[in-house]
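First up is the structure itself, then whatever we jot down about it.
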Amino acid sequence: MGAPIQNPVTVYNFLNYLKFEKRYAENTILAYEEDLQQFFGYLQQQFNLQQPALGEIAAAFIRSWLASLKENRNSARTINRKISTLKSFFKYHLRTGQLEQSPMTTIISPKMPKRLPVYVEQKDTDTLFRYVEFPDTWSGKTDRLILSIFYNTGMRLSELINLKESQVNASANTIKVLGKGNKERVIPVSAVLIKEIAGYMAQKSQVLEAPDKIYLLVNEKGRKLYRKYVYQAVNKYLSAVTTIDKKSPHVLRHTFATHLTNNGADLNAVKELLGHSSLAATQIYTHNTIEKLKDIYKKAHPKA
């Protein structure tokens with residue numbers, strides 16, 4: 001699983017737990033591994049701890065590492081992610097009985113600067129789907145459907161790439177999504193999107209030679225899409241309608257959620273649609289709504 005690590009048994013067992021029990025995505029596991037490798041490397045270099053027992057790892061060592069990260073100009077977001085990795089690591093070993101007390105209990109995470117999610121204005125999404133011309137080619141049909149699904153469901157990039165034909169329920173107008181940790185959620189969609197998906201599926205066999213019939217979205221060779229293809233398609237068409245800096249699939253996820261909250265959707269419902277595990281992750285979209293209301297107030301109220 002990457003380069004050799006300084007504390008192989010404890011780290012290896014933890015990574016296997018993430019992989020086989022928690023069923024985390026490969027990229028997530030690699031991020032955990034990288035954080036732990038960096039941490040144990042620091043312990044070895046700074047404190048000459050070659051193979052430390054878990055009980056030897058004091059909070060002071062952790063604070064020293066975090067201070068070095070700050071000195072090296074790591075952002076609060078990056079440092080918080082590394083703290084989260086260590087918390088999960090020690091919590092796992094508490095649960096398995098390898099550790100009596102976590103050294104993380106006195107570690108305080110740095111405050112995060114508030115950063116509102118970037119999203120596409122509703123007038124721009126209207127322009128995208130009403131007036132932007134998509135080529136009458138298989139790539140053009142695929143690109144339009146990619147954008148339609150992202151905007152209508154708010155699903156993640158990995159969820160879209162792995163979306164199977166069998167997950168689309170045309171009779172119920174729903175799409176079943178397999179999210180983080182293999183959690184399933186059902187997203188209601190419009191009859192218009194279902195019709196678009198049905199047309200795409202029907203044309204697969206007519207237009208392409210031996211296309212993949214398991215995964216919904218395929219390229220002109222009939223093969224399952226890859227991440228870079230989707231990124232490029234989203235960037236290309238969003239560039240035609242908006243000047244925002246970020247033009248990624250995740251921006252369309254933010255757009256889906258922000259447009260729902262701006263139009264009065266219940267926050268708990270948005271949480272379920274996005275597949276968030278806690279309401280705190282969804283509440284960032286209320287800030288966008290408040291900013292929108294402030295803007296309307298300033299423009300419309302006589303005393304503003």
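The values are calculated or read from the model by the stated rules, or taken from the named source; none is laboratory data. What you see is a predicted model, and the numbers here were worked out from it, not measured in a lab. As a convention, Cβ positions derive from the backbone with ideal geometry for all residues, glycine included, and neighbour counts pool all protein chains shown.
Among residues of region 131-175 being part of a helix (DSSP H, G or I) and of a type in the set (D, E, K, R), the one that is surrounded by the fewest Cβ atoms within 10 Å (Cβ to Cβ) is 165. Pairs are defined by a Cβ separation below 7 Å, a sequence spacing of at least 6 or placement on different chains, a first member in region 196-210 that is surrounded by 13 or more Cβ atoms within 10 Å (Cβ to Cβ), and a second member that is part of a helix (DSSP H, G or I) and small (Gly, Ala, Ser); the pairs so defined are 196/148. Close Cβ contacts (under 7 Å, 6 or more residues apart or on different chains) running from residues in region 276-293 that are assigned by TED's automatic domain parsing to the domain that holds residue 256 and in a helix (DSSP H, G or I) to residues that are of a type in the set (S, T, N, Q) and loosely packed, with under 14 Cβ neighbours inside 10 Å comprise 279/268. Evaluating residue 37 against the criteria (1) in contact with a Leu (Cβ under 7 Å, 6 or more places away or on another chain); (2) part of a helix (DSSP H, G or I) leaves one unmet condition, (1). When residue 152 is tested against the conditions (1) in contact with an Asp or Glu (Cβ under 8 Å, 6 or more places away or on another chain); (2) under 20 Å from residue 195 (Cβ atoms), the lone failure is (1).
Evaluating residue 149 against the criteria (1) in contact (Cβ under 8 Å) with a residue 24 or more places away in the chain; (2) not assigned by TED's automatic domain parsing to the domain that holds residue 230 leaves one unmet condition, (2).
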